[in-house]
Every structure is written in structure tokens, then in C-alpha cells.
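First the structure, in the form of C-alpha cells, and then the observations on it.
The values are calculated or read from the model by the stated rules, or taken from the named source; none is laboratory data. Keep in mind the model is a prediction, meaning the values are calculated, not measured. Every residue, glycine as well, gets a Cβ built from its backbone with ideal geometry; the counts of neighbours run over all protein chains shown. Just so you know, the surface numbers come from the protein's heavy atoms only, side chains and all, with ligands and any DNA or RNA stripped out. Shrake-Rupley method; radii C 1.70, N 1.55, O 1.52, S 1.80 Å.
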Amino acid sequence: IFTSSKYSIRAICYAAGKNHTTGWDCANGDLLKAIAEKIRMRSRRVSFCYIRDPQQNRASEAARKLARD
């Protein structure tokens with residue numbers, strides 16, 4: 001998953017365990033829980049990649065174009 005959001009990476013990769021034990025009682029808990037469940041259901045590993053400048057990333061530009069259409 002390529003993202004320019006450090007919050008997303010921290011929330012899923014580092015804080016999900018703690019948030020799970022507290023019943024997802026955190027900001028955006030319902031969304032973070034849903035993401036964690038989808039990742040857990042996958043049979044393959046999920047990797048997060050931080051994009052410093054999404055304006056210079058072709059994949060990010062393609063995603064923005066799909067979102068606009």
C-alpha cells in the first residue's frame with residue numbers, strides 16, 4: 001500500500017495491536033478495525049510504503065485519476 005499518510009502507516013503498522021486490545025476506542029477506530037480485519041483475512045503479506053511527494057509518484061497520480069473519474 002503506497003501512501004503519503006504517516007498517520008495511516010503508524011495507525012495500522014504500530015498502533016493496531018494496542019487499539020485492538022482497547023476495543024478500537026481511538027480516533028477512526030471503526031475504519032482502522034475494518035482495515036485490520038481485511039489485512040488479517042489476506043493470505044499474502046501487506047506492505048506499506050511511504051511516499052514523500054505523491055505529486056511525483058506515477059502510481060499515486062493514477063490513483064487520483066481513477067478517483068476523479
Spelling it out for Ile51: with amide H atoms placed in the peptide plane at 1.01 Å from N, the residues 5 or more places away or on another chain with amide H under 5 Å from its amide H are Thr3, Ser4, Ser5
With an 8 Å cut-off on Cα pairs and a minimum separation of 6 or more residues, tell me the relative contact order of the chain in percent.
-> 44 percent
With r as the distance between the Cβ atoms of Lys18 and Gln55 and R0 = 35 Å, compute the FRET efficiency 1/(1 + (r/R0)^6) and round to 0.05.
-> 0.60
For the chain, with all protein chains present and a 1.4 Å probe, just round the carbon and sulfur fraction of the accessible area to a whole percent.
-> 52 percent
Calculated from the structure, Rg and Dmax of the Cα atoms in Å equals which of [x] 14.7, 44; [y] 13.1, 46; [z] 13.7, 39?
-> [z]
Subtracting the Cα-Cα distance of Arg42 and Ser8 from 0.36 nm times their residue separation yields 10.4 nm
Averaged per residue, what accessible surface does the chain expose to a 1.4 Å probe, in Å²?
-> 83 Å²
Could you name the lysines whose alpha carbon sits less than 20 Å from that of Lys18, not counting residues in the same chain fewer than 8 places away?
-> Lys6, Lys33, Lys38
Cα long-axis angle, helix 29-41 against the chain (0 to 90 degrees, to the nearest 10) = 80 degrees
With Cα atoms, 0 to 90° folded angle of helix 58-68 axis to the chain main axis = 80 degrees
